[in-house]
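What follows is a single structure, written as structure tokens, with notes after it.
The values are calculated or read from the model by the stated rules, or taken from the named source; none is laboratory data. Fair warning: this is a prediction, and the values are worked out from it, not measured in the lab. Cβ placement follows ideal geometry from the backbone for every residue including glycine, while neighbour counts extend to all protein chains displayed. Each accessible area value is taken on the protein alone, full model and side chains, heavy atoms only, with ligands, DNA and RNA left out. Shrake-Rupley method; radii C 1.70, N 1.55, O 1.52, S 1.80 Å.
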Amino acid sequence: MNSEYLYVHTIGCQMNVYDSEQIAMRLAALGYEQTASMAKADVIIINTCTVRAKAEQKVFSLLGRLERMKRDKKHLIIGVGGCVAQQEGEKILNRMPALDLVFGTQAIERLPRLIQQIKARRCRIVDVDMDAATQIPESLVARSNESQVSKFVTIMRGCDNHCTYCVVPFVRGREISRKPESIMREIQSLVQTGVREVTLLGQNVNSYGKNQNLYTFTELLSRINEIEGLSRIRFTTSHPKDLESDLILAFRNLDKLCPHIHLPVQSGSNRVLRRMNRQYTREQYLDKVNKLRDTCAQIAITSDIIVGFPGESQADFNQTLELVKTVEFDGLFAFQYSDRPRAPSVKLPDKLSEPVIRKRLQILLELQENFTRRKNMALVGSDQPVLTDGLSKKQASEPLAEMGPGLQWTGRTPTNKIVNFYVDGPDADSKNLTGKLVGVHIDRGFSHSLFGRVINTEPSVRGLKGVGNHAA
Ligand code: SAM
Ligand code: SF4
């Protein structure tokens, strides 16, 4: 083993987080140890996102810093992967002389070979080939002792939809689903390393398997639900047009499937939805929300909204505000519309000015803030099953000081709300709750989290949506 170090910088979505882990594991096989220190690294990989212009700007400002670093460290290898790499290819290499490697979204499995070539010949490489991919390669599973409670698992890649604002189909390619056996194997291995919760990732999980004659997404969920030792299943993202009754029913029928769905609506105006090519109406969206709540009363619903899509009138925006008031989302990601190269909306007329978009975004976020807080406050006084992620970083925070000696832990409810909770008593310090499901009485609700105290560290109940105990 050599003692060289790898630093991976991730920008963007959960899928990039997953890809970055795969990058680290593939380069570990070459002897690279992952480090959290950029200064210590011999190889630096930036895994990029290009969904919005802001994320892309971050990549170039970071690359500028790295150029300066390389002047003093000649052997340093710098690579750019992910969506910006796929989109820009050779252009980034020309723009950034210190850069050694540009690799696309489907080149991760080839990365060890590319790094070896660069090391041996000090050449510069661009690999943004997408044609070869007819199957998703087998994922690697960490063998580290540092087990995590919750992990992402990519079940498909690419997207066959064509939302007019979106660059994903161009940089992630056609939709391909991973074979169910491969997904099952990965989750089973993760469970053996201590993982208790998985979040299945895809741009449109509802269409899992459809163009390849595999299981449907609901069938896949049913099989994963049977995995011994796994406590919770989550998934993202579900496209409203493809959300059918079998998946809605799964929230009632599958005991490990958490009652939370991220269902991006993007706009509350039918005129804007049409121009976005989302292929559902506001009425159809609201109908699905009602069905979800009729089937699973406690379900939490979160969403994405784009503000200031070209041609969005004040009346259109008001319709979005009305929809938010009607649904009362548990949480919302709201984005300023951003022109992306190759996305069809670039060519649409009637672009809105930056101040108008910013003002609308602020109004929307303020509206949502009330609902988020209200939803959290509604849980005050209740007992929640919380899957513990680990010790909270806020050991010295105020609630602790009030409550005397003890430890503060953090975890999530089945509805994906963050709960910081307190354990006191004589043996509080000796209990490791990481990975355990505990019962927590909620004492306080804030805008982004809940606070409570443990009432039961060994709940015996199973089947109560995510409750079931596992030794950490
Ligand atoms: N596949 C998912 C779906 O259909 O909802 C989401 C994919 S995208 C990576 C995540 C979110 O980014 C979208 O839901 C959308 O709200 C936002 N987004 C995508 N393109 C955008 C753009 N050009 N400008 C602003 N926001 C954008
Ligand atoms: Fe983009 Fe639409 Fe595909 Fe989501 S479904 S990745 S928004 S094209």
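Tabulated data for the structure shown
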item: Largest-first ordering by accessible area, 1.4 Å probe, given options Val153, Val191; result: Val191, Val153
item: Accessible solvent surface per residue of the chain, calculated while the other protein chains remain in place, 1.4 angstrom probe, Å²; result: 44 Å²
item: Theoretical gain in end-to-end length, His448 to His75 [0.36 nm per residue, Cα-Cα removed]; result: 129.9 nm
item: Distance (nanometres) between label positions extended 7 Å along Cα→Cβ at Gln188 and Glu328; result: 4.4 nm
item: Geometric extent, Cα atoms of the chain - Rg, Dmax (angstrom); result: 23.1, 67
item: Rg to Rh quotient for the range 45-175, alpha carbon positions, Kirkwood Rh; result: 0.99
item: 18 Å cut-off, amide nitrogen to a point 7 angstrom out along Lys351 Cα→Cβ, residues in the range 43-79; result: 51-57
item: Rounded to the nearest 20 debye, dipole of the chain from Cβ charges on Lys, Arg, Asp, Glu; result: 1120 debye
item: Dipole magnitude of the range 1-123 about its Cα centre (Cβ charges: Lys, Arg +1; Asp, Glu -1), debye to nearest 20; result: 420 debye
item: Farthest positive-ward along the chain dipole, Cα basis, beta-carbon charges - from Gln298, Thr218, Ile77; result: Ile77
item: Nearest-20 debye value, the range 173-252 charge dipole, Cβ charges on Lys, Arg, Asp, Glu; result: 160 debye
item: Glu90-Gln314 pseudo-label distance in nm [points 7 Å out on the Cα-to-Cβ vector]; result: 5.1 nm
item: Pairwise label distance in nanometres, Gln117 with Met130, each label 7 Å out on the Cα-Cβ vector; result: 2.0 nm
item: Cysteines not pairable in the chain (beta carbon separation under 4.7 Å absent); result: Cys13, Cys49, Cys83, Cys123, Cys159, Cys258, Cys296
item: Amide hydrogen neighbours beyond the local backbone of Gly81, cut-off 5 Å, H modeled; result: Ile46, Asn47, Thr48, Phe103
item: Unit Cα scatterers, Debye sum, the range 327-373: log10 I(q)/I(0) for q = 0.16, 0.24, 0.29, 0.32 Å⁻¹; result: -0.57, -0.88, -1.03, -1.14
item: Charge-dipole axis of the chain as Lys and Arg at +1 and Asp and Glu at -1 on Cβ define it, positive-most pick from Pro344, Gly435, Asn370; result: Pro344
item: Surface share of carbon and sulfur [accessible, 1.4 angstrom probe, percent] for the chain; result: 50 percent
item: Dimensionless Rg over Rh [the range 153-284; C-alpha; Kirkwood]; result: 0.99
